[in-house]
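Report on the following structure.
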Amino acid sequence: MANSIDRIVDAHIHLWDPARADWYPYLAGQRELDMGDISGMVRKFDQPTYFSESSGWNVVKFVHVAAASAPTHTADETRELDEMAQATGHPDAIIGGLVPEDPVADTVALLDAQMNSPRFRGIRPMGPCPGGVPAAEVLRALQERDLVFELMVHPDELATAAASLADWGDLTIVVEHAGWPRTNTSEELALWKTGISALASLGDNVHCKVSGLAMPLHSMDAEVLRPWIEHCLEAFGVDRCFFASNFPVDGMHGTFDQLYSGYDAVTADLDAGARDQLFASNAERLYRC
């Protein structure tokens with residue numbers, strides 16, 4: 001291999017087909033995503049495509065993250081992916097979805113429906129969720145089921161989310177897309193740093209998924225990624241960070257090789273054990289795969 005990474009556990013990808021408009025209406029032009037031009041990700045993205053595009057790297061496992069419209073197709077997507085894994089060996093773990101504004105009883109029922117799939121490991125909110133954190137009863141249901149809560153908020157809500165999650169030290173929390181910055185301005189970076197530091201200070205139960213940065217940065221260059229990645233590592237430590245591709249979404253701004261080459265370059269000064277944590281073993285441990 002042309003790179004120095006032994007193995008990769010990619011902690012965030014989406015397999016989808018725009019032809020399934022009922023499952024993925026935003027790929028069929030039926031729903032806006034507030035992401036600008038998304039034509040680069042409106043393509044069938046299946047396992048052969050993923051492994052072809054990542055072929056320069058030793059991807060041994062990947063985590064699929066919910067993408068189907070919720071709640072109608074969420075449990076079906078999780079179940080279908082689990083059946084796929086029984087046939088192909090992948091995905092190795094599945095993050096499903098929930099609808100924050102749904103009644104708690106419906107949300108818990110959706111959790112339990114997805115728990116019928118052995119590779120189901122947790123959820124992320126699908127749709128608007130003020131402050132990014134669902135009701136306490138939902139967090140309690142996740143905690144009781146040993147499920148992961150993936151937080152999806154932009155920098156202006158990170159500190160608020162940290163305050164809401166301060167008393168949930170027994171709940172495993174993942175900050176998705178490295179805190180989901182929207183731009184590459186100095187103001188956004190400063191706001192983001194404050195929020196990321198607040199979340200990191202909550203304790204060892206909070207982790208940072210370093211992914212999705214190509215969306216706001218429109219680049220995979222190591223020097224563009226560096227200030228964001230280095231602050232994640234400084235705030236959370238190597239033990240609580242891990243990389244992911246967010247493909248095919250981040251693929252709108254470059255190739256898998258360019259992205260992981262960027263990750264590789266930014267972490268080049270770390271020892272082999274720390275790099276294995278970031279590229280593979282932390283995600284493996286967290287998602288039990």
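With the structure loaded, tell me whether Val59 is closer than 28 Å to Arg275 by Cβ and either of a type in the set (A, V, I, L, M, F, W, C) or surrounded by fewer than 18 Cβ atoms within 10 Å (Cβ to Cβ) (or both) or whether it fails that test. Give the steps one after another, and end with the answer.
On the way: closer than 28 Å to Arg275 by Cβ: yes; either of a type in the set (A, V, I, L, M, F, W, C) or surrounded by fewer than 18 Cβ atoms within 10 Å (Cβ to Cβ) (or both): yes.
Taking the combined requirement at face value, the residue satisfies it.
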Would you mention how many residues in segment 35-61 are out of contact with any Pro (no Cβ under 9 Å at 6 or more places or on another chain), among the aliphatic types (A, V, I, L, M) and part of a loop (DSSP other than H, G, I, E, B)?
2
For the list (1) in contact with a helix residue (DSSP H, G or I) (Cβ under 7 Å, 6 or more places away or on another chain); (2) surrounded by 22 or more Cβ atoms within 10 Å (Cβ to Cβ), I need the number of the one condition that His12 fails.
(1)
Name the residues in segment 63-118 that are of a type in the set (Val, Ile, Thr) and farther than 23 Å from Glu284 by Cβ, would you?
Thr72, Thr74, Val99, Val104, Thr107, Val108
Residue satisfying all of: in segment 255-280; in a loop (DSSP other than H, G, I, E, B) and among the acidic types (Asp, Glu); surrounded by the fewest Cβ atoms within 10 Å (Cβ to Cβ) among these
Asp269
Scan segment 165-205 for residues that are surrounded by 22 or more Cβ atoms within 10 Å (Cβ to Cβ), in a helix (DSSP H, G or I) and either touching an Asp or Glu at 6+ places or on another chain (Cβ under 8 Å) or of a type in the set (S, T, N, Q) (or both) and jot them down.
Glu176, Gly195
Pull up segment 111-164, narrow it to residues that are among the basic types (Lys, Arg) and either on the phi > 0 side of the Ramachandran plot or within 15 Å of the chain's Cα centre (by Cα) (or both), then point me to the one that is surrounded by the most Cβ atoms within 10 Å (Cβ to Cβ).
Arg121
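Does Thr172 count as hydroxyl-bearing (Ser, Thr, Tyr) and closer than 28 Å to Ser69 by Cβ?
On the way: hydroxyl-bearing (Ser, Thr, Tyr): yes; closer than 28 Å to Ser69 by Cβ: yes.
The answer is yes for Thr172.
Just give me the residues in segment 234-252 being more than 13 Å from Ser211 (Cα to Cα) and either outside any helix (DSSP H, G or I) or not acidic (Asp, Glu) (or both), in sequence order.
Going through segment 234-252, the residues more than 13 Å from Ser211 (Cα to Cα) turn out to be 234-240, 252.
Ala235, Phe236, Gly237, Val238, Arg240, Met252 - these are the residues of segment 234-252 that are more than 13 Å from Ser211 (Cα to Cα) and either outside any helix (DSSP H, G or I) or not acidic (Asp, Glu) (or both).
Of all strands (runs of 3 or more DSSP E) completely enclosed by segment 93-157, which ones contain at least 1 residues that are among the basic types (Lys, Arg) and in contact with a Gly (Cβ under 7 Å, 6 or more places away or on another chain)? Don't jump to the end; show me each part of the working.
Working: elements: 93-98, 120-125, 148-151.
Result: 120-125.
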Expected single match for touching a strand residue (DSSP E or B) at 6+ places or on another chain (Cβ under 7 Å), modelled with pLDDT of 95 or more and under 27 Å from Trp180 (Cα atoms) among Gly122, Gly97, Gly132 is Gly122
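Does Ser197 satisfy the condition of being polar (S, T, N, Q), in contact (Cβ under 8 Å) with a residue 12 or more places away in the chain and touching a His at 6+ places or on another chain (Cβ under 9 Å)? Before the answer, list the steps.
Details: polar (S, T, N, Q): yes; in contact (Cβ under 8 Å) with a residue 12 or more places away in the chain: yes; touching a His at 6+ places or on another chain (Cβ under 9 Å): yes.
Here the answer is yes, as Ser197 does meet what is asked.
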Scan Glu101, Glu77 and give me the residue that is closer than 30 Å to Gln277 by Cα and free of Cβ contacts under 8 Å to residues at least 60 places away in the same chain.
Glu77
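When segment 234-260 is examined, which residues are found to be over 29 Å from Tyr24 (Cβ atoms) and either touching a Lys or Arg at 6+ places or on another chain (Cβ under 9 Å) or hydroxyl-bearing (Ser, Thr, Tyr) (or both)? Spell out how you get there, then give the answer.
Step one: filter segment 234-260 for residues over 29 Å from Tyr24 (Cβ atoms), giving 234-241.
Residues satisfying the conditions are Ala235, Val238, Cys241.
The values are calculated or read from the model by the stated rules, or taken from the named source; none is laboratory data. Here the structure is a predicted model, which means the values were calculated and not measured. No Cβ is skipped: glycine too gets one built from the backbone with ideal geometry, and neighbour counts run over all protein chains shown.
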